[in-house]
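Beneath this line is the structure, given in C-alpha cells, with notes to follow.
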Amino acid sequence: MKTVATLPRPITDYQSLSAEELFERTRAAKRTLGDRVMILGHNYQRDEVIQHADFRGDSLILAQVAEQRSDRPYVVFCGVHFMAETADVLSRSNQTVILPDMAAGCSMADMAAIEQVEQCWDALGRVVPVEETVMPAVYVNSAAILKAFCGEHGGLTCTSSNARKVIEWSWARREKILFFPDEHLGRNTANKMGIPREQMIVWDPYMPRGGNSVEAIQRAKLILWKGHCSVHQMFQPSHVDYFRKQYPDVKVIVHPECHEDVVNQADLVGSTEYIIRTITAAPAGTTWAVGTELNLVNRLKHEQTDKKVFFLSSIVCQCATMYRIDAPHLCWALENLADGHVVNRIVVPDDEKQWAKVALDRMMALS
C-alpha cells in the first residue's frame, strides 16, 4: 500500500453519520481494498457489523481462517482484543491484523493477569513439584501472553468444544491441571466426566494459596481459576423453569460457560458453533430457549423462522465489550486503510507469539 502524506481520519468524523451512509461508505471502502482485505465477524457481533464480514464464526475458527487465507494482507477482526491477538499469532508474517476499536476487550480474559498466573504457579510450586505435576491449560478466551505461559510450561489451550480432550490429554501427562480463566467451563466439563467434587478446587488469585489449604492442593486433580463470562453468568435456573412451564416441549440449549446449576438443567450444552448447528438442523416447529449472547440468539431467531427461538434470560445481556465494535469504527478502520493508514494494529511480541503458537498447536493436534 502506498505511503501518503495525509493524516488518518479521526473516529469523531464517523460518530454522527447515519446508518445508511456508514453502510454505503463501508461497502465502498471494502470494494476499493478488494482482495487486499478480509473482514472477520465473530458470532456475537452486532448485525450492522457482521453484514460486512467475509467470514463469521467463533474466535478460533476465525483466527484459523486468517492463517489459511494468507493471500489477504489485511485482516480486520470484528471481535475482541484476545481474538485479534490469536489471529496475529496464527497469521503469516505478510499479514496485518486490525481491531476496529482497541477498547473491545473481554472481562473474563481480564480476570487472569500474567502476574497473577505466575504468582499462582510459584505458590503451587511451594506445595508440589509444579513442572512435573501441574499442566497449565488456558481457555482460548485469554491474552496471548497467557497462551505463551502455557506453551512454555508444557501446556496448551482449549476451546469450549474440545475441553474434555484437553483435560484427558493433560491428565495422561501430569497429575493435576491448572485450568484458567473460566471456572465454569472447567467444572462443567469435569462434571460430565464424572470427576468427584473433592478433586476440584477453585483458585482465587486475591487470596493466599488461592484460598486453599496445602492438603486441598495436594488432593486436587483440577485447579479451577476463579473467573467467568459476565454474559453467561447472567443465566439462572429460574429462567429454565420459566420456559419449561410456558413451553412444555421446549429444548433448552446453553453454553458451557454458564453456571453448573443452569447446565445441569439444560437439554443440550455446547459451544457457539454447536448451538448454531443444532438449531439450524432442528425440525421445523420446534421450540428453543438459548442460553448464550443476545446478538447471536436474535440472529438465529431471524434466520430460523420455521422454529421458535427465545433468549433464555428475561434480562438483556449482550457482550458489552464486543458491542464496542460498531458501524462507525468499522467504517473508520476501512476508510483509513483504503487511504494507506493502518489504525489499531494488533502486534503480539515475537517471543510471546512463538510460545502461544506452541500452546495452540498442541491443542489443534488433538483435533
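We did not get these values from a lab; they are worked out from the coordinates using the rules stated. Predicted, not measured: the structure shown is a model, and the values here were computed from it. No Cβ is skipped: glycine too gets one built from the backbone with ideal geometry, and neighbour counts run over all protein chains shown.
Brief remarks on what is shown
- Only the Cβ atoms of Lys and Arg (+1) and of Asp and Glu (-1) were treated as charged; on that basis the dipole of the chain about its Cα centre amounts to roughly 680 debye.
- Theoretical gain in end-to-end length, Arg244 to Lys308 [0.36 nm per residue, Cα-Cα removed]: 21.7 nm
- If the convex hull is drawn through the Cα atoms of segment 143-291, its volume per residue in Å³: 131
- Extreme residue, positive dipole direction of the chain, given options Trp121, Leu294, Met108 (C-beta unit charges): Leu294
- Stretchable slack from Arg92 to Arg27, in nm (0.36 nm times residue separation minus alpha-carbon distance): 20.8 nm
- Farthest towards the positive end of the charge dipole of the chain, among the residues Ile39, Thr157, Ile253, is the Cα of Ile253, using unit charges on the Cβ of Lys, Arg, Asp and Glu.
- Using a Gaussian network model of the chain in which every pair of alpha carbons under 10 angstrom is joined by a spring, one finds that among Arg72, Arg173, Arg126 the greatest mean-square fluctuation is at Arg126.
- Point-charge dipole on Cβ atoms (K/R +1, D/E -1) for segment 173-330, about Cα centre, debye to 20: 280
- Estimated [θ] at 222 nm from DSSP helical runs (n ≥ 4, -39500 (n - 2.57)) normalised by residues in the chain, nearest 500: -12000 deg cm²/dmol
- For segment 1-57, diffusion coefficient by Stokes-Einstein and Kirkwood Rh (Cα), 37 °C, 0.692 mPa s, µm²/s: 250
- Signed unit charges on C-beta, dipole axis of the chain, positive-most listed residue Ile50, Ala266, Ser314: Ala266
- Residue-span extension gain [Ser161 to Asp47] - 0.36 nm each, minus C-alpha spacing: 38.6 nm
- Förster-model FRET efficiency, 30 Å R0, Asp361 and Ser107, C-beta, rounded to 0.05: 0.65
- Summing charges over all other residues whose Cβ lies under 9 Å from the Cβ of Ala284, with Lys and Arg as +1 and Asp and Glu as -1, gives 0.
- Calculated log₁₀ intensity ratio I(q)/I(0) where the Debye formula runs over C-alpha points of the chain, q = 0.07 Å⁻¹: -0.33
- The dipole here belongs to segment 109-229: it is taken about the Cα centre, uses +1 on the Cβ of Lys and Arg and -1 on the Cβ of Asp and Glu, and is about 480 debye.
- Taking a straight Cα-Cα cut-off under 16 Å and skipping sequence neighbours fewer than 8 places away in the same chain, the lysines within cross-link reach of Lys176 are Lys165, Lys221.
- Site pair Glu168 and Asp339 shows an inter-label distance of 5.4 nm when each label is modelled 7 Å from Cα along Cα→Cβ.
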